[in-house]
Structure formats: C-alpha cells, structure tokens
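Asks: Let me give you the structure first, and then I'll get to my questions.
Please treat every number below as a calculation from the coordinates, not as lab data. Only a predicted model underlies this, so the values are computations on that prediction, with no experimental measurement involved. Heads up, the Cβs are rebuilt from the backbone with ideal geometry, glycines too, and the neighbour counts pull from every protein chain shown.
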Ligand SMILES: [Fe+2]
Ligand SMILES: [Fe+2]
C-alpha cells in the first residue's frame with residue numbers, strides 16, 4: 001500500500017518542474033506546514049495520553065522544520081530577501097497560501113487523526129514530486145521531509161484503525177470526523193492532480209481496513225486557500241501567532 | 001473480609017522475614033550499592049520512593065503547562081521549535097519517571113488518578129503563571145536550574161531505576177537551562193521593552209525558585225518537625241544526599257554571578273558576598289507564601305489541575321478505544337493461531 005504509485009508521482013514531479021520554480025507554489029507547501037504546526041502545537045498538554053503529547057509534538061516539530069526551510073528559500077526565490085520570521089510574522093491573512101484544512105480549529109482527537117491522515121497522505125505525494133524540483137534547496141527539504149511525513153501518515157493510520165475498530169463511541173466519532181473533514185479535501189485534490197489519486201487510494205484502503213465507510217460527497221467545499229482566501233478561523237490563528245512578534249518591531253529574540 | 005485479621009499467613013509475613021529484609025537491604029545501603037526492583041526492601045522505603053517518584057513525574061507533566069502556554073505565541077520560529085521540543089522533553093521525563101515508579105508495582109493510571117484527585121502533589125512552582133515571553137526564559141534559567149541542583153544528587157540515589165532515569169533527565173534539563181539563559185541574554189540586550197520584560201520575569205520567579213528546595217532543615221516552620229525527621233530518614237536511605245538549605249545555598253552561589261552576566265538584578269536587597277562564609281548571603285524567604293501555595297492557595301493551582309483533568313477526561317474514549325482494539329486483535333491473533 002505504501003509505495004503504490006510513487007513512480008507516477010516522480011514522473012509528474014519532473015514535468016511539473018520543467019520550467020522555473022514558482023515561489024508561490026513553494027510558499028503553499030511552506031504555509032501548509034507552518035499553519036498545521038501551529039494547530040498541532042495546541043495539542044501539547046491536551047493529548048489523550050502522554051505518549052500522544054510527544055507524538056503530536058514531534059509531528060508539529062517536523063512540519064515546523066519543513067516550513068522554516070521552505071520559507072527561507074521563498075524569501076530568496078521571490079527576490080524580496082525576507083527571512084523565515086518576516087514571512088511568518090509580517091504577512092497578512094490574504095498572503096498566506098495554505099489550504100483551509102490545516103487552519104480548521106482543533107477538534108477532538110478523531111478529527112485530528114482524520115485531518116492528519118488526509119493531510120499527510122497528500123503531502124507525501126507532493127513531497128515525492130518536489131524531490132525532483134530543479135531547485136536544489138526545495139529538493140533537499142523535500143527529500144528529508146518525505147521520511148518524516150511517511151511517519152506522520154503511518155501514525156494517523158494506526159490511530160484511524162484503532163478508532164474505527166475500537167469502541168462504538170470511537171467508531172462513531174471517527175466516522176463523523178471523516179464527514180466533517182470531507183469539504184476540505186477538494187482543495188488538496190485540485191492542488192495536485194497527479195498525486196491526489198494515489199493519496200486517496202491509500203486513505204480509502206485504510207478506511208476499508210478500519211471498517212469505516214467513505215464519507216459522502218460534501219454539498220459545499222472549501223476553496224481559495226492557495227490564492228489567499230481563508231476561513232474565519234485563520235484571523236484568530238494569525239492574531240495569536242503574530243501578536244508578540246509584531247508588538248516589538250525590529251526586535252531580535 | 002480482607003484477611004488482615006488472620007495474622008501471618010506465611011513465613012514471609014513473620015518477623016523472621018522482616019529481619020532478613022532489613023539485613024539484606026541495610027547491607028546494600030551501607031555499601032552504597034543500588035537497590036534494584038527485585039531486591040527485598042522495607043515497605044516504608046518503597047512507599048517513600050513511590051511517593052517521591054510520582055510527585056516528580058507529576059511535576060514534569062504539570063510543568064508542561066506554564067511553558068506550553070507560549071508555544072502558539074513564540075516570537076520567532078526558532079524559539080517556537082525550541083520551546084515545542086522542550087515541552088515535549090518534559091512529557092518524556094514524566095514517562096521515564098512513571099516507568100521507574102512502575103518497577104515498584106504501581107501503575108501510571110493509578111498515580112495519575114491520585115494526581116487528578118489532588119491526593120498527590122507536584123512541584124508548587126508550576127502554580128505561578130507565565131505572563132510574558134520572558135517567563136519562558138526565567139523558567140528555563142531558574143526553575144530548570146533549581147531542578148537540576150535538586151536532581152543531580154538523585155543520579156546517585158540508592159534506588160537504581162530512579163537514579164538511571166535521573167541521569168537521562170538531568171542531561172536534558174541542562175539544555176533547557178542553557179536555552180532559558182539564552183532567552184534572557186537576548187532580551188537583556190534587546191530593546192528597552194524587552195529588557196524590562198526580562199527583569200520583570202526574574203523579579204517574579206526568583207523567590208519561588210528558591211522555595212523549590214523545600215523548607216529549611218532547621219525546623220523553624222510549622223511543619224518543621226515532620227520535615228526534619230523525613231529528611232533524616234531519606235538521607236539514611238540514600239534517597240536524599242544533601243540538606244535543603246545546602247542545595248539552596250549552592251544554587252544561589254551559582255546563580256548570582258550568572259545574573260550579573262545577564263545584567264539583570266535579583267530582587268533581594270540583602271544579597272551580598274560573605275567573606276567569612278565563602279557564600280552569598282541572601283534575604284529571608286517568605287515561607288508563609290510557600291505553605292499557602294502548597295496548600296492550594298496559589299494563582300494557578302486550580303487551573304493547572306483542571307487543565308490536566310480535562311485533557312485526561314477528554315482522552316478517555318481514545319484510551320478505551322485503543323484498549324478495545326488491542327484486546328480484539330489479541331483475540332483474533334489467538335484465533336488465527
Ligand atoms: Fe523535566
Ligand atoms: Fe526541563
């Protein structure tokens with residue numbers, strides 16, 4: 001199940017990057033990681049068991065590391081010379097290019113695992129493509145990140161299996177979480193037409209093994225994250241993340 | 001009927017056995033050798049250790065909260081990463097210590113239940129709030145610093161699993177302390193507002209840090225007599241190696257020059273070098289505040305415990321699901337075999 005379709009992803013990655021590297025595409029990849037790391041950071045001290053505080057902290061740290069590497073590169077590629085902090089703390093909402101899935105407020109643990117499963121399945125395919133990026137820095141970050149995100153996907157997989165095949169309650173919560181997350185998936189799909197089917201195939205196999213039904217097609221779905229259109233939750237997320245840094249312009253920390 | 005009124009049921013419940021245990025255990029302690037889980041040990045030694053390790057583990061877990069409070073607001077991505085890693089380390093410390101306690105036949109869920117019911121304590125220092133970013137620095141520098149001073153002697157504690165957990169933990173705490181110092185160093189050399197923030201944090205955390213070494217060994221306080229005999233016993237058992245006041249003095253002696261390097265003032269007008277003692281003299285600690293906060297009347301006691309309980313209760317269905325899943329799969333595995 002793990003390696004299915006990676007050959008196709010590699011070929012697509014090469015064609016996708018036949019031309020120059022688009023800093024906005026890299027920014028999307030960076031912002032997904034930054035914003036999701038921000039949400040995962042909220043779990044520390046709130047997880048169902050101490051091992052999970054550590055695991056979610058680890059995943060958040062990995063993503064934060066990916067975000068930092070990519071943001072630094074964006075500041076070089078787009079010619080503005082902004083460093084990682086300038087990009088993280090001084091951009092306004094409309095300049096963030098993350099998909100809306102990652103900015104959703106923290107839900108229960110089932111919602112987090114549904115989000116993590118879909119997110120990491122898609123991100124893994126994207127990163128596999130970016131390993132072929134003509135930009136060495138981006139390719140380098142992706143190369144390291146592939147291993148990390150494969151672990152994230154595995155972590156979510158294990159939990160979705162446990163929750164799906166655990167108790168009545170966990171099964172109901174997991175199923176509901178999948179329904180609630182569904183409207184945020186088309187953004188991931190549109191973002192990566194080549195990798196998305198592979199990601200979907202992976203997740204559906206997990207859901208089948210867990211005895212969970214695939215959620216129905218949502219009536220509404222999120223759109224616009226990659227062009228800077230976000231949900232109501234995003235303003236609060238940024239207010240919290242950016243407030244201290246912006247209160248002391250020019251200060252070093 | 002629990003059988004306690006029946007008297008000794010077997011030879012291991014007789015005085016004879018108790019004496020053998022005493023001799024074996026006493027021999028190891030006298031030779032300054034490690035006691036291991038399989039060694040016979042007096043019940044009081046075991047109980048003291050379980051209590052102390054549990055309290056220590058709880059402190060690591062509750063201690064995640066005051067700093068966790070700043071993860072989403074950390075002022076740079078580098079600081080955010082360092083802070084997340086630190087809070088995660090503390091969770092790991094909690095796990096090592098619960099595991100060490102489990103070697104004595106208690107389990108983590110039992111200990112957590114006692115914490116949540118308010119029947120076991122955690123370090124009172126975490127009942128103070130983190131009001132600014134500089135508090136993250138002050139906690140690293142002072143609170144981790146004081147913890148290390150307390151914990152390094154525990155690396156030679158007579159109980160093997162506890163001592164080994166402490167060796168691992170002290171190494172990481174030492175990174176934390178350095179990172180805290182570095183946060184304050186940067187703030188103290190930053191803008192006027194940053195410098196003020198750093199000084200304010202040190203003003204608030206200095207005295208509570210000194211209280212972390214516990215009440216004086218002299219017995220000059222309300223619970224003095226009890227404290228004194230407790231200390232004596234723990235020392236005889238090799239659980240405690242130094243008196244509270246000695247460790248506190250060492251901490252002050254080590255920290256004063258560091259404060260000077262930072263260019264921050266420790267909030268104690270009586271702080272001065274004593275030529276004759278060869279130590280820094282310091283002012284009177286407000287032990288009334290210590291007992292008050294320990295007794296539940298601190299700014300964050302209720303909040304810390306409520307936060308911890310809430311996480312535990314909200315996670316109950318997840319833990320139940322994991323247990324149910326494991327049981328089903330164990331059963332299926334047997335069926336297949
Ligand atoms: Fe710790
Ligand atoms: Fe620490």
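Asks: Using Cα atoms only, what is the angle between the long axis of helix B:301-314 and the major principal axis of chain B, expressed in degrees (0 to 90) to the nearest 10?
Replies: The helix B:301-314 is inclined about 50 degrees to chain B.
Asks: Continuing with this model, one more query. Between residue B:279 and residue A:227, what is the label-to-label distance in nm when each label sits 7 Å out along the Cα-to-Cβ direction?
Replies: 7.1 nm
Asks: Find the Cα radius of gyration of segment A:42-165, compare it with 2.2 N^0.38 Å by division, and give the number to two decimals. Provide the component values of the computation, followed by the final result.
Replies: Working: Rg = 15.6 Å, N = 124, 2.2 N^0.38 = 13.7 Å.
Ratio of Rg to 2.2 N^0.38 Å for segment A:42-165: 1.14.
Asks: At 0.36 nm per residue, minus the direct Cα-Cα distance, what do residue A:252 and residue A:154 gain on full extension? Give it in nm, one decimal, please.
Replies: Computed gain between residue A:252 and residue A:154 is 31.5 nm.
Asks: What ranking of A:160, A:137 emerges when the number of other C-beta atoms within 10 Å of each C-beta is taken as an exposure proxy, fewest first? Provide the component values of the computation, followed by the final result.
Replies: On the way: A:160 24, A:137 17.
Exposure proxy ranking, most exposed first: A:137, A:160.
Asks: When the Debye formula is applied to the Cα atoms of segment B:16-84, each taken as the same point scatterer, what base-10 log of I(q)/I(0) results at q = 0.24 Å⁻¹?
Replies: -1.03
Asks: Write down the Kirkwood hydrodynamic radius of chain A, to one decimal in angstroms, obtained as one divided by the mean of 1/r over all alpha carbon pairs.
Replies: For chain A, inverting the mean 1/r across all distinct Cα pairs yields 18.5 Å.
Asks: Just grab the label-to-label distance for residue B:303 and residue B:14, each label 7 Å out from Cα along the Cβ direction, in nm (one decimal).
Replies: 6.0 nm
Asks: Any idea what Rg and Dmax come out to for segment A:131-253 if you just take the C-alpha atoms, in Å?
Replies: Gyration radius and largest Cα-Cα distance of segment A:131-253: 18.5, 54 Å.
Asks: Report, to the nearest 10°, how far helix B:15-30 tilts away from the longest principal axis of the Cα atoms in chain B, using its own Cα long axis and a range of 0 to 90°.
Replies: Relative to chain B, helix B:15-30 is tipped by roughly 40 degrees.
Asks: Angle, helix B:316-336 long axis vs. longest principal axis of chain B, Cα atoms, 0 to 90°, nearest 10?
Replies: Its long axis makes an angle of about 40 degrees.
Asks: Cα-based Rg (one decimal) and Dmax (whole number) for chain B, in Å?
Replies: In order Rg, Dmax, the Cα atoms of chain B give 22.5, 78 Å.
Asks: Something else: Can you compute the helix-only [θ] at 222 nm over chain A? Use -39500 (n - 2.57) per DSSP H run of at least 4 residues, normalise by all residues, nearest 500 deg cm²/dmol.
Replies: -22000 deg cm²/dmol
Asks: For segment A:177-233, with equal point scatterers placed on the C-alpha atoms only and solvent neglected, what are the log10 I(q)/I(0) values from the Debye formula at q = 0.20, 0.23 1/Å, to two decimals?
Replies: -0.83, -1.02
Asks: With a point put 7 Å past each Cα toward its Cβ, work out how far residue A:169 is from residue B:164 in nm, to one decimal.
Replies: 3.7 nm
Asks: Across 10 Å bins from 0, what is the distribution of all Cα-Cα pair distances for segment B:192-337, in whole percents?
Replies: 9, 24, 24, 18, 12, 8, 4, 1
Asks: Then there is this: Can you give me the Cα centroid spacing of segment B:57-73 and segment B:226-286 in angstrom?
Replies: Taking the Cα centre of segment B:226-286 as reference, the centre of segment B:57-73 is 26 Å away.
Asks: Now for a different question. Using the Kirkwood radius over C-alpha pairs as Rh, can you work out the diffusion coefficient of segment B:275-315 via Stokes-Einstein at 20 °C, viscosity 1.002 mPa s, in µm² per second?
Replies: For these conditions, the coefficient is 162 µm²/s.
Asks: So what's the projected area for segment B:63-202, the Cα convex hull averaged over all directions, in nm²?
Replies: 8.7 nm²
Asks: Using only alpha carbons, build the gyration tensor for segment A:207-253 and give me the equivalent ellipsoid semi-axes, biggest first, whole Å. Mind dumping the intermediate values first?
Replies: Values: eigenvalues 290, 51, 15 Å².
With the √(5λ) rule applied to segment A:207-253, the semi-axes are 38, 16, 9 Å.
Asks: What percentages make up the Cα-Cα pair-distance distribution of segment B:1-144 when the bins are 5 Å wide from 0?
Replies: For segment B:1-144, the binned pair fractions read 2, 8, 14, 15, 13, 13, 11, 8, 6, 4, 3, 2, 1, 0 percent.
Asks: First obtain the Kirkwood hydrodynamic radius of the protein assembly as shown from its Cα pairs, then insert it into the Stokes-Einstein equation at 37 °C and 0.692 mPa s, and state the resulting D in µm² per second as a whole number.
Replies: Stokes-Einstein gives a translational diffusion coefficient of 123 µm²/s.
Asks: Still on this structure, please answer the following. Starting from the Kirkwood radius over alpha-carbon pairs of segment A:106-174, derive D by Stokes-Einstein at 37 °C in a medium of 0.692 mPa s and give it in µm² s⁻¹. Can you show the working numbers first?
Replies: On the way: Rh = 12.9 Å.
In µm²/s, the coefficient is 254.
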